[in-house]
Amino acid sequence: MGNENGTWVMYGVDWDDPECIHTVDEAIEYINEVGFLPLFRNDIPGFSLEERTVPEYWWCDDVEKDPWMWRAVIARRKDIVYGKFFDKKAGFISKKWLPYFVNYRRDGYDFDALYEDGKAPLKHKKIMDNFIEDNIDEEKFSYELKAAAGFGKEGEKGFDGAITNLMMQMYLCNCDFRKKINKKGEAYGWDVAIYSSIEHIHGYKYVTSRYKESPEESLGAIVAHIKEIYPIANDKQIKKLLK
């Protein structure tokens, strides 16, 4: 997605293009095939879901055709993880490649150790306290998490930025998007993001299974894989996407 002369433009393919992804199941198959994939167009040509779907179907509210709705379906199925993982922008990571990203981005740190070593701010800890130890299986609406972590008028600031940073560090992800429920049990309003820890999706043992190797080794494997599946990608483009 780009801005051309003040107008947002979606880039993609025609329905009959051999590279077109038509359904959410095809999207899941492709993401698992390539291992990880940004949602929107980036500096690496063709390396996004946007560029392999029909532009006109985005935000059409038809779950059969709308890639924007597919992201919620994919997150909800809890096989592929979804979040702001690529240059602070949204994308998908398959189960196979998740431990590589976790080890590289966390630099071998569980969050509690990261905080104890003074490498994470208190406001990040207030968020992560909702997802560690006894709360590892928690899923929280964004507004619930914001309140529980003490963000708001009289509290901490920068909730959205903190969430993005924790996603980039592979501690949090989006696990669903759902509407709020009123006192009558009725859904209303826009879909709201629901967050969980990465461990909630695949378990601590699997998520941290690359901790035995150095973060540089995990990064090297990721970079080599990108160059294999997208040989046109150069080092500068890859570095920007993964930093």
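Computed over the chain, the per-residue total of -39500 (n - 2.57) for DSSP H runs of n ≥ 4 gives a 222 nm mean residue ellipticity of -10500 deg cm²/dmol, rounded to 500.
Ordering 205-215, 134-144, 103-113, 76-86 by mean Cβ neighbour count within 10 Å, with the highest value first, yields 76-86, 103-113, 205-215, 134-144.
Rounded to a whole number, what is D in µm²/s for segment 149-243 from Stokes-Einstein with the Kirkwood radius over alpha-carbon pairs (20 °C, 1.002 mPa s)? Approximately 127 µm²/s, per Stokes-Einstein. The simple spin-label model puts a point 7 Å past each Cα toward its Cβ; for D129 and K227 those points are separated by 4.5 nm. Measure out, as a whole number of angstrom, how far apart the alpha-carbon centroids of segment 135-149 and segment 174-243 sit. Taking the Cα centre of segment 174-243 as reference, the centre of segment 135-149 is 18 Å away.
Grouping the Cα pair distances of segment 1-143 into 10 Å bins from zero gives a pair-distance distribution of 10, 34, 31, 19, 6, 0 percent in increasing distance order.
Full extension of the chain segment joining E216 with D112 gains 35.3 nm, where the gain is 0.36 nm per residue of separation less the Cα-Cα distance.
Each Lys and Arg Cβ is given +1 and each Asp and Glu Cβ -1; about its Cα centre, segment 104-243 then shows a dipole of about 640 debye.
Cross-link partners of K184 among lysines, defined as those whose alpha carbon lies under 18 angstrom from its own and excluding same-chain residues fewer than eight positions apart, are absent.
Percent of C-alpha pairs per 10 Å bin in the chain, short distances first: 7, 30, 36, 22, 5, 0.
Here, each number is a calculation from the coordinates, and none is a lab measurement. A quick note: this is a predicted structure, and the numbers were derived from the prediction, not measured. Quick reminder, even Gly has a Cβ in these numbers, built from the backbone with ideal geometry, and neighbours come from all protein chains shown.
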